[in-house]
2 protein chains.
Amino acid sequence: MSTFRSVRGMRDFLPEEAKIMRYIEAKARKTAELYGYKEIITPVVESYELLAAKAGEEVRLRMYAFKDLGDRMVALRPEFTPSVARLVATTLRNEPRPFRLFCVGSLYRYDEPQQGRYREFWQSNFEVMGSNKPEADAEIIMLTNSLMESVGLKNYTLKVGHVGVLRGIFNQEKMDEKTENQVMQLMDRKQYDDAFRLVEEAGASKKCITTLQELIELKGYKVFDIVEKMRKSVEKYKQSVAAVENLQEILKLVFESGCKINMRLDAGFARGLEYYTGIILEIYVPELDIALGGGGRYDRLIELFGGESTPAVGIAHGIDRIMLAMQKQNVTLQKEEKKNVMVIPAKDELKGEALKIANLLRNAGILVEVEVMGRKISKALEDADRRKIAYAIIVGGRELKEDAVMLRNLMKRQQNVIKIEKIAEKIKGDCS
Amino acid sequence: MSTFRSVRGMRDFLPEEAKIMRYIEAKARKTAELYGYKEIITPVVESYELLAAKAGEEVRLRMYAFKDLGDRMVALRPEFTPSVARLVATTLRNEPRPFRLFCVGSLYRYDEPQQGRYREFWQSNFEVMGSNKPEADAEIIMLTNSLMESVGLKNYTLKVGHVGVLRGIFNQEKMDEKTENQVMQLMDRKQYDDAFRLVEEAGASKKCITTLQELIELKGYKVFDIVEKMRKSVEKYKQSVAAVENLQEILKLVFESGCKINMRLDAGFARGLEYYTGIILEIYVPELDIALGGGGRYDRLIELFGGESTPAVGIAHGIDRIMLAMQKQNVTLQKEEKKNVMVIPAKDELKGEALKIANLLRNAGILVEVEVMGRKISKALEDADRRKIAYAIIVGGRELKEDAVMLRNLMKRQQNVIKIEKIAEKIKGDCS
């Protein structure tokens, strides 16, 4: 008689947490609706090739990959973007742009479990496809702010960078793509010495190293000042200057929109996924080291998947991490004051009547449990009390002859005989 | 430049279908709430051992099983019940009973894809744990009816059987468990000749075969008549008589509750999962061969997983199959008349203002898209028209000086200059 356990890194959400998870999911869905994003549902299992195509090495090596019974190499999705890009490159290929697409679900990475990091995790994901304009990037930031605000987080910061600035330097230095990605990944992990060594080995100029060294020092909350300094630092790199201007334009639009999100610009910021081409974003709360969400612009991914050239920008928000942040910031859900009822038959022959009354009340929108343990009334009432149920209805033979039951208000400890047809009205009246 | 595809048997839900899927999910969640079921979220990846423990061979052989990077044998859940049972046997072990638990999510089986059968599918799942009373079984039937009714299905039938009737016969005939399960599976697939041959080989009596032959003929909508005939057929098998009585009691409670679900009793009905011990259920619509949902009583599963003896009954409803049934029965969603708006800046310098107005309206609960393609006004309006957007707001320099914009009703083809502060009110007024 062995005891089974959940698999390491996988997690159960018990009712209290599951409720918060679904609450955040509903807020994300509402945000999607308000911003015009249509929901799609894509499979958890995708071809390994698709998922590995443009993920960084870190993600690729941590995928749950395996052969299915038909000998196909598949994997559990570690992120949503490849699936969305696949759809846009295939099924949605001929639909007019832009697409605003939303999805929500579970994702899988074989990371070392720690606070806020599980091997199965949940995200909501927003992508705008077809627009290369800064207003699309600004929108992604605005909706992130809307979502964080709507779940009640009080204090959060958006970390902002721009991959184009670094890529502009590397391109002009004629670095090959593989080295470039390696350097970006080292910078993502803040292993700057290793990154710079690689840059030197690749034969980059002295100026390149100096510029990179300057950039990684440029960070802070005065984003427009920092943008100006970035522009000066990279002035010899034409593509990088264009990237800085793009960044500036996005930040200006966010500012003009009245969105009050707290932004921290970090010129040396990189992200682990290889497909980013423009702005990159991560959202943080002071109470946690890990990001609550992240995203950015990726203008070449759809092409890579065989679709038409489609610029795109997107962001994913970690639902279980947002829950953790809410717990850290003592955010509680708005209580819906819904009273619930336990219906208890006084004897076995009245079970059918109890079920009937329960159904009547449910049809009136009242939450009803029926006593199904065959307990004595007193035991059932104790249980109802313990679980803070608002009312008990005791279905007894004598009252039933008059089409009535005993209604007991468990909070006020009052009880009255009441006509069955009046119960719903009475309970709803007490609620308001 | 290859084109990536989804994996065979896996499916994408585009916005129209995703909406129906989420609608059914929300109805299932509402049903859970009305009946007092608490939602839990369990992982998609579970230990192979757990999932294989009591699944029938058919399910076991079709699981997505593999080793994770830590060399653990894991699988994608083919059903919810083992996960719920695991929780009840471990984390919830010391909580007072009964538990009413609800979950919803995706499941995985390597079946041959066909209409309504995918390798990733979605279910809502309801389980009552801790009660061996017929009112718990009746409740599962009642809530299934509530769910089917609430999504708008017009015509559906609940197929009912009782595994205890067959198991009672096999026990008295001293058949070993393995053979018993094989026979049940053959009967599930209606391969009666093979089933009876196996029964004979196992040394069962002539009476046993006769009784089984009688039972498989007993089926139909007059459930109480059929129950009486079943009782006569099995009168020499004591456990089977008790099972028939249990079945009768459940059906009587459903009838007394006023639940009008169309039931079809089938005395020879078996189900592929080995863990059932009592009533078994499947729900059908006339338009489809496959079941929309199924479940039953399983009183020994929790023990098997190392928990305390906990009788239980549960049912799962296929969300994607319910969607298919709705499509076949031409059920359409209740339209929420939510008007949407496209905000178009008349020139580049007004993008920030456009974003600001968009946000203002969203804060008032209005669905707003911003033009992000950099199109001319006329092109953007064409696009809004094509996508049946209700209003366009054109943000122009001249009107803006008066804190106003052009509001265009795209249905009525009227436009007026309107103060920004009045837009929300105006649009909401038009809605009602």
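Set the Förster distance to 25 Å, then compute FRET efficiency between residue B:174 and residue B:309 from the Cβ-Cβ distance, nearest 0.05.
Values: r = 24 Å, r/R0 = 0.95.
Efficiency computed from Cβ-Cβ geometry: 0.60.
Using square roots of five times the C-alpha gyration tensor eigenvalues, list the equivalent-ellipsoid semi-axes of the protein assembly as shown in whole Å, biggest first. Don't skip to the answer; put the middle values down first.
Details: eigenvalues 594, 214, 118 Å².
Each semi-axis is √(5λ); the values are 55, 33, 24 Å.
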**Q.** Cα-centred dipole magnitude for the range A:330-428, charges only on beta-carbon of K, R (+1) and D, E (-1), debye, nearest 20
**A.** 280
Q: Express in whole angstrom the spacing between the alpha-carbon centres of the range A:345-393 and the range B:148-192.
A: 31
Q) Which residue, A:417, A:74, A:128, tops the fluctuation ranking in a GNM of chain A built on C-alpha contacts under 10 Å? A) A:417
Q | Highest-MSF residue in chain A out of A:339, A:38, A:232 [GNM, Cα springs under 10 Å] | A | A:339
(Q) Going 7 Å from Cα along the Cα-Cβ axis for the label, what nanometre distances separate residue B:214 from the same residue across the other copies? (A) 9.6
Q) Given the options B:306, B:258, B:161, which has the most mean-square fluctuation in a GNM of chain B, springs set between C-alpha atoms less than 10 angstrom apart? A) B:258
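Counting Lys and Arg as +1 and Asp and Glu as -1, each charge on the Cβ, what is the dipole of chain A about the Cα centre in debye, to the nearest 20?
Values: 70 positive and 64 negative charges, 290 e Å.
Charge dipole of chain A: 1400 debye, to the nearest 20.
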Q.
Checking the table A:428/B:260; B:27/B:351; A:38/B:401; B:19/B:178; A:412/B:154 against a 32 Å threshold on Cα-Cα, which pairs fail?
A. B:27/B:351; A:38/B:401; B:19/B:178; A:412/B:154
Q: Could you pull out every residue, at least 5 positions away or on a different chain, whose amide H is within less than 5 Å of the one on residue A:340? Hs are placed 1.01 Å off N in the peptide plane, and Pro or chain starts have none.
A: A:390, A:391
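What FRET efficiency comes out for the pair residue B:72/residue A:58, r = Cβ-Cβ distance, R0 = 22 Å, nearest 0.05?
Working: r = 21 Å, r/R0 = 0.97.
For R0 = 22 Å, the calculated efficiency reads 0.55.
Can you work out the FRET efficiency for the pair residue B:91 and residue A:115, with r the C-beta to C-beta distance and R0 = 25 Å, to the nearest 0.05? Walk me through the intermediate numbers first.
Values: r = 19 Å, r/R0 = 0.76.
Efficiency computed from Cβ-Cβ geometry: 0.85.
On average over all directions, what projected area in square nanometres does the range B:18-66 have, based on the convex hull of its Cα atoms? Display every interim value, and only then the final one.
On the way: hull surface 20.9 nm².
Across all orientations, the range B:18-66 yields a mean hull projection of 5.2 nm².
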Q) Which ³J(HN,Hα) values in Hz, rounded to whole numbers, follow from the phi angles of the range B:352-364 under the Karplus curve 6.51 cos²θ - 1.76 cosθ + 1.60, where θ = phi - 60° and Gly and Pro get x? A) x, 4, 4, 4, 5, 5, 4, 5, 4, 5, 4, 4, 8
Q.
Can you give me the angle between helix A:15-35 and the longest principal axis of chain A, using Cα atoms only, in degrees from 0 to 90, rounded to the nearest 10?
A. 60
Q: Give the long-range amide H neighbours of residue A:159: residues separated by 5 or more places, or on another chain, with amide H under 5 Å away, using H modelled in the peptide plane at 1.01 Å from N.
A: A:264, A:282, A:283, A:284
Q: List, largest first, the extents of the alpha carbons of the range A:15-328 along their principal axes, each in whole Å.
A: 56, 49, 43
Q | Lys, Arg +1 and Asp, Glu -1 on Cβ, resulting dipole of the protein assembly as shown about Cα centre, debye, nearest 20 | A | 1660
Q) For chain A, with the dipole built from +1 on Lys and Arg beta-carbon atoms and -1 on Asp and Glu ones, taken about the Cα centre, which of A:258, A:202, A:360 lies farthest toward the positive end? A) A:360
**Q.** Unit charges at the beta carbon, dipole of chain A: most positive-side option, A:417, A:298, A:311
**A.** A:417
Q. Helix B:238-256: angle to the longest alpha-carbon principal axis of chain B, degrees 0 to 90, nearest 10?
A. 30
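Considering only DSSP beta bridges where both residues belong to the range A:15-328, give the percentage that are antiparallel (nearest 5).
Numbers: 41 of 47 bridges.
Bridges in the range A:15-328 that DSSP calls antiparallel: roughly 85 percent.
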**Q.** For the range B:225-291 versus the range A:59-98, the gap between their alpha-carbon centres in whole angstrom
**A.** 44
Q.
Just to confirm a number: summing +1 for Lys and Arg and -1 for Asp and Glu over residues other than residue A:320 whose beta-carbon lies under 11 angstrom from that of residue A:320, what do you get?
A. 0
Q: Just name one of A:81, B:28, B:61: the one whose Cα is farthest towards the positive end of the charge dipole of the protein assembly as shown (beta-carbon charges, Lys/Arg +1, Asp/Glu -1).
A: B:28
Q) Once amide H atoms are placed 1.01 Å from N in the peptide plane, what residues at a sequence separation of 5 or more from residue A:105, or on another chain, have their amide H within under 5 Å of its amide H? A) A:123
(Q) Quick check: residue separation of residue B:348 and residue B:375 times 0.36 nm, minus the Cα distance between them. What number comes out in nm? (A) 8.7 nm
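What length, rounded to one decimal in nm, is gained on full extension from residue A:5 through to residue A:430, with 0.36 nm per residue of separation minus their alpha-carbon distance?
Working: separation 425, 0.36 × 425 = 153.00 nm, distance 4.41 nm.
Length gained, residue A:5 through residue A:430: 148.6 nm.
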Q.
7 Å from Cα along Cα→Cβ at both residue A:400 and residue A:49: what's the point-to-point distance in nm?
A. 6.7
Q. Axis carrying A onto B: which residue of A has the nearest Cβ, and how far, whole Å?
A. A:66, 2
Q | Nearest-first distances (nm) between copies at residue A:95, label 7 Å from Cα via Cβ | A | 3.9
Q. If each of residue A:334 and residue A:363 carries a label point 7 Å out from its Cα toward its Cβ, how far apart are those two points in nm?
A. 3.1
Q: Convert each backbone phi in the range B:69-86 into a coupling constant with the Karplus relation 6.51 cos²θ - 1.76 cosθ + 1.60 (shift: θ = phi - 60°), then list the ³J(HN,Hα) values in order as whole Hz, x for Gly and Pro.
A: 5, x, 6, 8, 7, 10, 8, 7, 4, x, 6, 8, 4, x, 5, 5, 4, 4
Q: For chain A, with all protein chains present and a 1.4 Å probe, just round the carbon and sulfur fraction of the accessible area to a whole percent.
A: 47
(Q) Per residue of the range B:128-143, what does 6.51 cos²θ - 1.76 cosθ + 1.60 with θ = phi - 60° give for ³J(HN,Hα)? Whole Hz please, x for Gly and Pro, Karplus curve as stated. (A) 10, 10, x, 10, 9, 7, x, 5, 5, 4, 4, 4, 4, 5, 4, 6
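The values are calculated or read from the model by the stated rules, or taken from the named source; none is laboratory data. Everything numeric here is computed off the predicted structure, so don't read it as measured data. Because the Cβ atoms are built from the backbone with ideal geometry, glycine has one as well, and the counts that use them run over all protein chains shown. The accessibility values were calculated without ligands, DNA or RNA, using every heavy atom of the protein model including side chains. Shrake-Rupley method; radii C 1.70, N 1.55, O 1.52, S 1.80 Å.
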